[in-house]
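**Q** I am attaching a structure below and will ask some questions about it afterwards.
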Amino acid sequence: MNVTIVGTGYVGLVTGACLAAFGHDVTCVDNNPQRVAALKAGECPIFERGLPELIQRGINTGKLRATGNLAEAVASSALTMICVGTPSSGGRIDLSLVREAARQIGAALREVSGYHVVVVKSTVVPGTTETLVREAIASASGRSEEEYGLCMNPEFLSQGSAVADFMQPDRIILGAANRRAGEALAELYRDFSCPKLTMALVNAELVKYAANSFQASLISFANQIAVLCEHVPGADEAAVMRGVHLDRMLTRMEDGVAIPSPATRFLRAGIGFGGSCFPKDLVALRYFGQQVGAPVPLLDAILDINDQRPGQVVDLLEAELGSLDGRRIAILGLAFKPDTDDLRESRSLALIERLAAKGASLRAHDPLPQALDNARLMIDGRVLLHAEPEPVLEGADAAVLATAWPVYREWNWERLARLMRHPLLLDARNLFADQPPRGPIYRRIGVGMKAITKEGLNHP
Ligand code: UGA
């Protein structure tokens, strides 16, 4: 199928490159000439595992193209996907880019004939496709409803595994205004064997918000249990949740072997969720609930628990060190999660803000040079940023592990702890809960536990 993708951000690029790999003829449109030029040269403008190879292959085989000319791309395709950004401000989602993309697609359709399907992939407030997008296309194209199809097809891509998530999805949601549009969209995904659900446009929009709210609720649930444990001498959230995970709803037994559901990955204490999706989507859904007269107190709780988490981690540090004024603290990990260079809503930034307010002197590490480059744009020069552990840990009163990069497991902690003034590791992601780090000569505390004495019950 000839497909146009409008917007070459994270979702548009992954979608375009993967559809091209499935044999479709894909044209990616962007109004940023540098982006288009980079794509034409086969360069991948974002950090995502497996994506550079797919883009290169798509460009080389001619299955993937890039252009700044939206009208031309739409005219030569049968289906156009809107993958533009939906920034948020004060809880409200700004749909102006979606509206403008729909308007331009509509204007392009005015010039050509033949049935064309417009698909919204950007995460949009429930009702947006049916109203704002439909109206923008209808008025710009002058077409009647029978002459174009309207669909909503949310993405479920997780940064760091987005290519695999697209290629082997759990499900494909086909929101469609009518049967013909739904069938055309289903044709695009003909070669995917996962369950495919066809539903009304508004339900497709809601699936996306509900799915992200559900996942975030698991994280906040575990963190809520963690806070309790942090106030009960000897309690340990990791042990408690190991017991919870064995519920048959979460773990199945096969020949005496326990197979945990992927949901258990989210049912673990940490320093909370960040990134470009969960915080924004939950705030947007909460706002939407208020607008339609159905406030969602569950979302208030999930977000409150998450907002409080960095401060609670700082409390744990203060319980160990006393006043943090003038203390040197090393932050390990800046990206909002491993395998990405993205720092949007990163918990490390929230932690840095709180520690700086307490007068701590800060140094921060991330193993990914691109994450450090992004951090330089977001963190002022007072925080020393480094890709090597030694300059960050040297003379530190404590290290706080804020991003669960697996490389931290590989570090020689015995040697590194000797560089620290006070060899304390606060494992805010409980990365070492199941596997103690190398090197015995330091003190480690995790989140979700209350150490009783300096010698503590919870030593590794
Ligand atoms: C998330 C969802 O996982 C995807 O299914 C969804 O499609 C995507 O948002 C989206 O809306 O586009 P992503 O934001 O890339 O994907 O990352 P996650 O792996 O879900 O992590 C989100 C945050 O939760 C990170 O800050 C992570 O550190 C945190 N997290 C995750 C925890 O604090 N605890 C956990 O147990 C798991």
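The values are calculated or read from the model by the stated rules, or taken from the named source; none is laboratory data. Predicted, not measured: the structure shown is a model, and the values here were computed from it. Backbone-built Cβ (ideal geometry, glycine too); neighbour counts: all protein chains shown. For accessibility, only protein heavy atoms count, side chains too; no ligands or nucleic acids. Shrake-Rupley method; radii C 1.70, N 1.55, O 1.52, S 1.80 Å.
**Q** Sort the chain into rounded, prolate or oblate with this rule: let a ≥ b ≥ c be the square roots of the eigenvalues of the Cα gyration tensor; rounded if a/c is under 1.5, and if a/c is not under 1.5, prolate when a/b is larger than b/c, oblate otherwise. Write down the numbers at each step before the final one.
**A** Numbers: a/c = 2.18, a/b = 1.86, b/c = 1.17.
Prolate, because a/c is 1.5 or more and a/b exceeds b/c.
**Q** While we're on this one: I'd like the FRET efficiency for D434 and Y189, computed as 1/(1 + (r/R0)^6) with the beta carbon distance as r and R0 of 45 Å, rounded to 0.05.
**A** The value I calculate is 0.75.
**Q** Compute the distance in nm between two label points, each set 7 Å from the Cα along the Cα-to-Cβ direction, one at E43 and one at Q308.
**A** My value for the distance between the label points is 4.7 nm.
**Q** Let me ask something else. If you line up the Cα atoms of the stretch 114-261 on their principal axes, what length do they span on each, largest first, in Å?
**A** 69, 37, 25
**Q** Sort 45-52, 258-265, 227-234 by the packing proxy (mean of other Cβ within 10 Å over each peptide's residues), most packed first.
**A** 45-52, 227-234, 258-265
**Q** Over the chain, give the accessible area per residue in Å² for a 1.4 Å probe, as an integer.
**A** 44 Å²
**Q** If you average the sequence gap of Cα pairs under 8 Å that are 6 or more apart and divide by the length of the stretch 61-104, what percent do you get for the contact order?
**A** After rounding, I find 30 percent.
**Q** Using the 2.2 N^0.38 Å rule of thumb for compact globular proteins, work out how the stretch 1-87 stacks up: its C-alpha Rg over that value, please.
**A** Against the empirical 2.2 N^0.38 Å value, I get 0.94 for the stretch 1-87.
**Q** Sticking with this structure for a sec: Expected output is a single nm value to one decimal: the length gained when fully extending between L228 and S323, i.e. 0.36 nm times separation in residues minus the C-alpha distance. What is it?
**A** Working: separation 95, 0.36 × 95 = 34.20 nm, distance 2.31 nm.
The L228-S323 span can extend by a further 31.9 nm.
**Q** Go ahead and run the numbers for FRET between L250 and E388, Cβ-Cβ distance against an R0 of 25 Å, rounding to 0.05.
**A** 0.05
**Q** Non-local amide H neighbours of F266 (under 5 Å, H modeled in plane, Pro and chain starts lacking H): which ones?
**A** none
**Q** What pairs in K63/K280; K40/K196; K208/K450; K280/K450; K337/K358; K63/K121 have C-alpha atoms more than 30 Å from each other? Write down the numbers at each step before the final one.
**A** Working: K63/K280 33 Å; K40/K196 33 Å; K208/K450 37 Å; K280/K450 32 Å; K337/K358 25 Å; K63/K121 21 Å.
Those over the limit are K63/K280; K40/K196; K208/K450; K280/K450.
**Q** Answer rounded, prolate or oblate for the stretch 40-155, using the Cα gyration tensor with square roots of eigenvalues a ≥ b ≥ c: rounded when a/c is under 1.5, else prolate when a/b is larger than b/c, else oblate.
**A** On the way: a/c = 2.29, a/b = 1.26, b/c = 1.82.
Oblate is the answer for the stretch 40-155, as a/c is 1.5 or above yet b/c matches or exceeds a/b.
**Q** Given the chain, what percent of its DSSP beta bridges are antiparallel, to the nearest 5?
**A** Roughly 15 percent of the DSSP beta bridges within the chain come out antiparallel.
**Q** Taking the Cα centre of the chain as origin and charging only Cβ (+1 Lys, Arg; -1 Asp, Glu), how large is the dipole, in debye to the nearest 20?
**A** Roughly 240 debye for the chain.
**Q** Another question, then. Which percent of the accessible heavy-atom area of the stretch 107-152 goes to carbon and sulfur, probe 1.4 angstrom? Could you put the intermediate results ahead of the total?
**A** On the way: 810 of 1680 Å².
Carbon plus sulfur share of accessible area: 48 percent.
**Q** When the convex hull of the Cα atoms of the stretch 305-403 is projected onto a plane and the area is averaged over all directions, what value comes out in nm²?
**A** Values: hull surface 22.8 nm².
Result: 5.7 nm².
**Q** Mind giving me the FRET efficiency for A75 and M1? R0 is 25 Å, r the Cβ-Cβ distance, nearest 0.05 is fine.
**A** Between A75 and M1 the formula returns 0.95.
**Q** Before anything else, pin down the relative contact order of the chain: Cα pairs under 8 Å, at least 6 apart, normalised by residue count, whole percent. Present the calculation step by step, with values, prior to reporting the outcome.
**A** Values: 928 pairs, mean separation 50.9, N = 460.
Across the chain, relative contact order equals 11 percent.
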